[in-house]
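Heads up: the structure comes next, in structure tokens.
Here, each number is a calculation from the coordinates, and none is a lab measurement. Here the structure is a predicted model, which is why all the values come from computation and not from measurement. As a convention, Cβ positions derive from the backbone with ideal geometry for all residues, glycine included, and neighbour counts pool all protein chains shown.
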Amino acid sequence: MPTQNKSLTQFLPWGLTLILLGALLYFAAIYHPPTNLELQQTKTDISLKLLDDLQAAIEAEKNAVLSLNREESQNFVLQVNQASHALESHRQVLDKWTQIQSTPTEKQLLLEFDQCWAQFKTLDQQLLAWATQESNIEAQKWSTLTGRKAWEQFELALNRLKQHSPKAMYNPEKEIAIAQSLIASLKILALHKPHIEAFTEQEMNQWEKEMQTQTALTQKNLNALAGQLSKPEWVDFNVAKQHWEAFQASTQKIIKLSRQNSNLKSIELSLGKKRVIATQCKGLLNELKNTYASQRFQATR
């Protein structure tokens, strides 16, 4: 029995070798390498997929930049990522076919595209981060909702002060102080919009300086008004002061959001350097597609 086992052990390597050799011969018999025509057609098809993926990424990114709310913007960012992953997957497939056969022109175009795509992705990261912050849109919402509401409550409280005085006791100084307080504070509300739309530091500084001027004027008139009030009027005056403080706090929040300027920065980047890089990447893929098409045509001759 031991002798029989020893014989089997001796012949086992030979048996495995024969099985492996048989498998290789079978594979060689059934495997047919792609013809040059098939190879160029496959490369052409992949280059078209790359172009589609790139265009999908560009469109989704544009929508992310132009979207009017954060949730919508984030959904478009997901679409950008999906298109980018699809492009990189197709690029890896193209690499496998390129290893079978390629020309120096192909290799150079692929190298240049890879470099261009790396720049595209780097800009994408910054652009999409700004786009999803939506700071300018958030600032506009604060102005339209919170800021305006605080100012309207401020106006109502000051107007109630007018009702305390009978016509026989008309006080022009009091009326002027109320009117000037409302006018100056309303100018601040109106200045929210140009500040949010301002792109440069210089523009924002200019609008903030004007806001500070109107804030000081409002406060000056409120102080003057305080000296014209009877005791019962102080209830409404204190309510007005509370809404004035709420309005000031809203204005500071709006300035902070506006200064981040994420929406305007993303739009500038999208319309500027990013568009140049996207056009360059698309041009390289079109060159690559035309190169494959030319080689495919030559393979049919």
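Using the Cα atoms of segment 135-261 to build a convex hull, what is its mean projected area in square nanometres? Mean orientational projected area (segment 135-261, Cα hull): 7.1 nm². Each peptide in 53-62, 111-120 gets a packing score, the mean of other Cβ atoms within 10 Å over its residues, and the list from highest to lowest is 53-62, 111-120. In segment 149-254, which chymotrypsin sites (Phe, Trp or Tyr not before Pro) are in a loop and have at most 11 other Cβ atoms within 10 Å, using DSSP for the loop call? Those that pass, being in a loop and sparsely packed, are 170. Its Cα centre serving as origin, segment 135-261 has a Cβ charge dipole (Lys and Arg +1, Asp and Glu -1) of approximately 260 debye. When each of 47, 230 is scored by the number of other beta-carbon atoms lying within 10 Å, the sequence from fewest to most is 230, 47.
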